[in-house]
Amino acid sequence: MKIDILTLFPEMFAGPFDNSIIKRAKEKGMLEICLTNIRDFAHDKHRIVDDYPFGGGSGMVMKPEPVFEAVEYVRGRDRGNSVKVILLCPQGRVFNQETAKRLAGEEHLVLICGHYEGIDERIRELIVDEELSIGDFVLTGGEIPAMVVVDAVSRLIPGVLGDEESYVNDSFYDGILEYPQYTRPREFKGMEVPEVLLSGNHEKIRLWRRKMSLKRTKERRPDLLKWEDLSPEDRKLLEQAKED
Ligand code: 9D3
């Protein structure tokens, strides 16, 4: 997969993609990330990329021409392939694991990082295929959201994760939270590892973990749990969890 990131602050991206899984994916040639500075497409000698909003109001708006031309430029380097242009903005649909899976099937993503109070609306209408937000909180721009999207999508590209890290075990993969994990030592600050995990009884361990996952999900993310979707075994485990 090719990912182009269009931003006014390319320096912000030094680091996050040079570690562990993303770094390995790039080295293996499965992922190519390319940063483009929108300011390089400014039209004047002062390299201005923002302007006052028509109609008045506070803050500045990103001018359309530099963004438009930056997108045309990265598109021009990729004749033939289908390109999906995504704008990171507070008005977008909220990004989730389902969106990450869908985007992992694309050949070429172009992520536009919004900044200032927003971007000229004509950019949305002319070139943006999809608008994404990463949640209901206010950030300073679309750069960190773009990093979030790249990270979540990259690890789902076939071949990027090794068998050990495989995403079939992901929380959210089957829609519930993960169970508590323990490693050595068996006792830490007077706290013991649950007996069942030391028992060697794999069926008992599986049931305990499933029960803890269900209990946690019910307590912390009830929005993820629908009684109707649960198997008879899951329903029984949830009932048991109440008694613990
Ligand atoms: C005053 C109205 N605000 C819009 C809700 C102004 C505004 C706030 C923050 C305009 C731009 C921004 C910068 N944020 C993003 O570009 C952004 C974002 C975010 O702030 N939260 C979650 N996801 C995203 S994706 C892009």
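Residue separation times 0.36 nm, minus the C-alpha to C-alpha distance between Glu228 and His46: what's the value? The partial results should precede the final answer.
Values: separation 182, 0.36 × 182 = 65.52 nm, distance 6.07 nm.
This chain segment gains 59.4 nm when fully extended.
Would you mind checking the pairs Lys215/Lys242; Lys189/Lys218; Lys101/Lys215; Lys101/Lys236 and listing those with alpha carbons more than 20 angstrom apart? Please report the intermediate quantities before stating the final value.
Details: Lys215/Lys242 8 Å; Lys189/Lys218 28 Å; Lys101/Lys215 26 Å; Lys101/Lys236 31 Å.
Correct reply: Lys189/Lys218; Lys101/Lys215; Lys101/Lys236.
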Can you give the charge dipole size of the chain about its Cα centre, rounded to the nearest 20 debye, using +1 on the beta carbon of Lys and Arg and -1 on the beta carbon of Asp and Glu?
740
What's the FRET efficiency of His202 with Asp18 using the Cβ-Cβ distance as r and R₀ = 41 Å, to the nearest 0.05?
0.55
Using 7 Å Cα-to-Cβ label points, what is the Glu11/Gln181 separation (nm, one decimal)?
3.6
Selection from Ala42, Thr99, His202 lying farthest towards where the dipole of the chain points positive, charges on Cβ:
His202
Give me the angle, in degrees from 0 to 90, between the Cα long axis of helix 143-154 and the longest principal axis of the Cα atoms of the chain, rounded to the nearest 10.
50
Treating only Lys and Arg (+1) and Asp and Glu (-1) as charged, each at its beta carbon, one finds that the range 99-194 has a dipole about its Cα centre, in Debye to the nearest 20, of 400
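Can you quote the Å³ per residue value for the convex hull of the Cα atoms in the range 2-154, rounded to an integer?
Details: hull volume 18.5 nm³, N = 153.
Residue-normalised Cα hull volume stands at 121 Å³.
Relative contact order (percent) for the range 52-135, with alpha-carbon contacts under 8 angstrom and 6 or more residues of separation?
Details: 112 pairs, mean separation 38.1, N = 84.
It comes to 45 percent, rounded to a whole number.
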Hey, got the dipole for the range 171-243? About the Cα centre, +1 on K and R Cβ, -1 on D and E Cβ, debye to the nearest 20?
180
Relative to the chain, whose Cα atoms define the longest principal axis, helix 202-220 and its Cα axis are tilted in degrees, nearest 10, by 50
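Take the residue pairs Lys84/Lys226; Lys2/Lys23; Lys23/Lys45; Lys28/Lys84 and return only those whose Cα atoms are more than 25 Å apart.
Lys84/Lys226; Lys23/Lys45
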Gaussian network model of the chain, Cα within-10 Å springs - most flexible of Gly57, Gly135, Gly114
Gly57
Nearest 0.05, what FRET efficiency do Ser58 and Ile144 give at R0 = 22 Å with Cβ-Cβ as r?
0.45
Rounded to the nearest 10 Å², the accessible area of Cys34 at probe 1.4 Å:
30
Separation of the Asp244 and Met191 label points, Cα + 7 Å toward Cβ, nm
1.5
Net length gained if the chain between Arg39 and Leu126 were fully extended (0.36 nm per residue, minus Cα distance):
29.4 nm
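What is the range 157-244 by shape, rounded, prolate or oblate, if you read a ≥ b ≥ c off the alpha carbon gyration tensor as root eigenvalues and call it rounded for a/c under 1.5, prolate for a/b larger than b/c, and oblate otherwise? Walk me through the numbers on the way to the answer.
Values: a/c = 1.80, a/b = 1.06, b/c = 1.70.
Oblate.
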Given Ala241, Val193, Leu177, which one lies farthest toward the positive end of the charge dipole of the range 171-243, if we put +1 on the Cβ of every Lys and Arg and -1 on the Cβ of every Asp and Glu?
Val193
Gaussian network model of the chain, Cα springs within a sub-10 Å range: biggest mean-square fluctuation belongs to which of Asp50, Asp229, Asp163?
Asp229
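The values are calculated or read from the model by the stated rules, or taken from the named source; none is laboratory data. None of these values were measured; they are calculated from a predicted model. FYI the Cβ positions are ideal-geometry reconstructions off the backbone, even for glycines, and counts take in every protein chain you see. Each accessible area value is taken on the protein alone, full model and side chains, heavy atoms only, with ligands, DNA and RNA left out. Shrake-Rupley method; radii C 1.70, N 1.55, O 1.52, S 1.80 Å.
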